[in-house]
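Structure first, commentary second.
The values are calculated or read from the model by the stated rules, or taken from the named source; none is laboratory data. From a predicted model like this one, the values you see are computed outputs, not experimental measurements. Don't worry about glycine lacking a Cβ; one is built from the backbone with ideal geometry, like all the others, and counts go over all protein chains shown. Just the protein is used for accessible areas: all its heavy atoms, side chains included, with ligands, DNA and RNA removed. Shrake-Rupley method; radii C 1.70, N 1.55, O 1.52, S 1.80 Å.
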Amino acid sequence: MAEARSAYFEDMTSSIPPVHIVGGGLAGSEAAWQVARRGVPVVLHEMRPVRATAAHKTAQCAELVCSNSFRSDDAEASAIGLLHAEMRRLGSLVMHTADAHRLPAGGALAVDRDGFAAAITAALEAEPLIDIRREEIAAPPPGWDNVIIATGPLTSPALAGALRALTGEDALAFFDAIAPIVHRDSIDFDVAWFQSRYDKSGPAGTGADYVNCPLTRAQYDAFVDALLAGEKTEFRDFEQATPYFDGCLPIEVMAERGRETLRHGPMKPFGLTDPRQPGRKPYAVVQLRQDNKLGTLFNMVGFQTKLKHGEQTRIFRTIPGLANAEFARLGGLHRNTFLNSPKLLDATLRLKAEPRLRFAGQITGCEGYVESAAIGLLAGRFAAAERLGETPALPPPSTAHGALLGHITGGHIETIDKGPRSFQPMNVNFGLFPPLGGVARNARKQALCARALADLDGWSGAALPHAAE
Ligand SMILES: Cc1cc2nc3c(=O)[nH]c(=O)nc-3n(C[C@H](O)[C@H](O)[C@H](O)COP(=O)(O)OP(=O)(O)OC[C@H]3O[C@@H](n4cnc5c(N)ncnc54)[C@H](O)[C@@H]3O)c2cc1C
């Protein structure tokens, strides 16, 4: 059988050269499937078991390294559930296999991790147009003209070094430093106000670019106490060497260094006055800065943290103006490997400086198993279209796939002033979708989901749903 496939594969590649995919994780496996389903041969290079990562434990493709949950499966009111639904319609191998191996988990989609990874591996091995090679790729050889790099958060050091040489020192990060992001429409503007410090406009600003949340001395003291007492997540063994960058310290670490440290750092009150109360100077101020071009998301400036997620929600909602805050993303600090994609990648995920290289999965700056697979799905379709001489069709921005792709390739905005680089990994969430006018708040999520699925059906790139058999 293997020999027969090999002869078939050789025959196919003599007329259609293969797409090379590096990394057989969530993204690489889905990408390989999508490419092959378009009739294009694939060589999938996966380094396990020849070379291990710090988190994977098996040699299977699409191994889930931690939780076995694909999160909510509600396609009517949750962005991740919508992404599931879209992937099913697009013939995703990952979703098809997850459905076949699902475990009871209420409204969430949880999977039997061993059965899931074994089935994905078997499907890829059985596909005549896919040749899996167990080898580490330290740098994509110059002869490969259509490559997808999907090596994930634990990209091998040799390849990471080669990518860094290609993209520049600051373009590939090895740790994330994530500040929480808040949906703008959940901020209370009876308390908060827009103003830049000392009304400075900067190169891309207006003088009123930040949302400011004021604290009195008593509120500040209580906030610092809550940070100090709040439960934190521990670094995993392989993350112990995670450095704290200058200007990027977790807020609770700053609080430990002295009660006033935050007030002289990210919670500085100077140059900020509530126009409704010009005579009252706040003791401290939390600032939020626009995060996406749509203006729907604002990040809490300098608020990277290792507090547990539940603690973040509880403590940050004590900040005046954020009592009802809805978080599109909570903070974190992890070992990771990801590109500054909005700068480096074009709309179809190709490296602008070297378009034969396309990226997929978490290395592009999405976060999560499902999001990584979804970006793998798109990268696979784009690569196959290109190989077949077609122009890749971009998913509509109103779909979950389009919203996620927009975050990676252009929807995010750079910081308007000095500070750590602001593009950080993100799960899919409704803040990434173009807003819908004229819909009541409580009906908005359902309306966004309905619009997405209708628009997906009209997308020419969706025309070939190839279900896994
Ligand atoms: C410790 C840890 C815990 C996580 N927990 C969760 C969680 O609970 N839920 C969640 O949704 N997400 C979690 N994530 C994020 C998760 O990694 C991603 O969501 C997802 O696995 C990324 O998919 P990917 O395909 O981009 O990368 P991966 O699934 O990691 O796949 C990358 C593949 O590339 C291979 N590879 C690397 N370098 C090379 C090379 N040079 N040559 C050949 N092959 C190579 C690796 O062996 C791996 O198989 C976690 C991440 C880490 C690191």
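Which of the residues belonging to region 243-299 are aliphatic (A, V, I, L, M), within 30 Å of residue 397 (Cβ to Cβ) and touching a strand residue (DSSP E or B) at 6+ places or on another chain (Cβ under 6 Å)?
288, 297
Considering only region 392-415, I want to know if a residue exists there that is within 16 Å of the ligand (Cβ to nearest atom), closer than 16 Å to residue 23 by Cα and either touching a helix residue (DSSP H, G or I) at 6+ places or on another chain (Cβ under 9 Å) or at pLDDT 95 or above (or both).
No, that holds for no residue.
What are the pairs, 6+ residues apart or on separate chains, where a residue within region 211-238 that is open to solvent by 10 Å² or more (accessible area, probe 1.4 Å) has its Cβ under 6 Å from a residue that is within 16 Å of the ligand (Cβ to nearest atom) and among the hydroxyl-bearing types (Ser, Thr, Tyr)?
Every condition considered, the pairs that remain are 235/242.
Looking only at residues that are among the aliphatic types (A, V, I, L, M) and open to solvent by 10 Å² or more (accessible area, probe 1.4 Å) in region 23-58, which one is farthest from the chain's Cα centre (by Cα)?
Result: 50.
List every residue pair whose Cβ atoms lie under 6 Å apart, where the two residues are 6 or more positions apart in sequence or sit on different chains, the first residue falls within region 152-171 and is without any contact (Cβ under 8 Å) to a residue 12 or more places away in the chain, and the second residue, located anywhere, is within 14 Å of the ligand (Cβ to nearest atom) and open to solvent by less than 10 Å² (accessible area, probe 1.4 Å).
So the pair list comes out as 164/172.
What residue, of 249, 307, 297, 272, is within 24 Å of residue 408 (Cβ to Cβ) and aliphatic (A, V, I, L, M)?
It is 297.
Run down 80, 120 and say which single residue is crowded, with 21+ Cβ neighbours inside 10 Å, within 30 Å of residue 160 (Cβ to Cβ), more than 20 Å from the chain's Cα centre (by Cα) and in contact (Cβ under 8 Å) with a residue 24 or more places away in the chain.
Matching residue, one of 80, 120: 120.
Taking residue 336 and the conditions (1) within 23 Å of residue 71 (Cα to Cα); (2) at pLDDT 95 or above; (3) under 17 Å from the mean Cα position of the chain (by Cα), which numbered condition does it fall short on, given that it satisfies the others?
The one condition residue 336 does not meet is (2).
Given the conditions (1) within 15 Å of the ligand (Cβ to nearest atom); (2) under 25 Å from residue 306 (Cα atoms), report the number of the one that residue 177 does not fulfil.
(1)
List every residue pair whose Cβ atoms sit under 6 Å apart, with the two residues 6 or more apart in sequence or on different chains, where the first one lies in region 126-147 and is farther than 13 Å from residue 354 by Cα and within 14 Å of the ligand (Cβ to nearest atom) and the second, anywhere, is open to solvent by 50 Å² or more (accessible area, probe 1.4 Å) and in a loop (DSSP other than H, G, I, E, B).
Close Cβ pairs (under 6 Å, with a partner that is open to solvent by 50 Å² or more (accessible area, probe 1.4 Å) and in a loop (DSSP other than H, G, I, E, B)) amount to 134/50; 136/51.
Please specify each residue of region 273-288 satisfying the condition of being closer than 15 Å to residue 188 by Cα and either of a type outside the set (A, V, I, L, M) or in a loop (DSSP other than H, G, I, E, B) (or both).
We begin by selecting, within region 273-288, every residue closer than 15 Å to residue 188 by Cα; these are 274, 276, 285-288.
274, 276, 287, listed by residue number.
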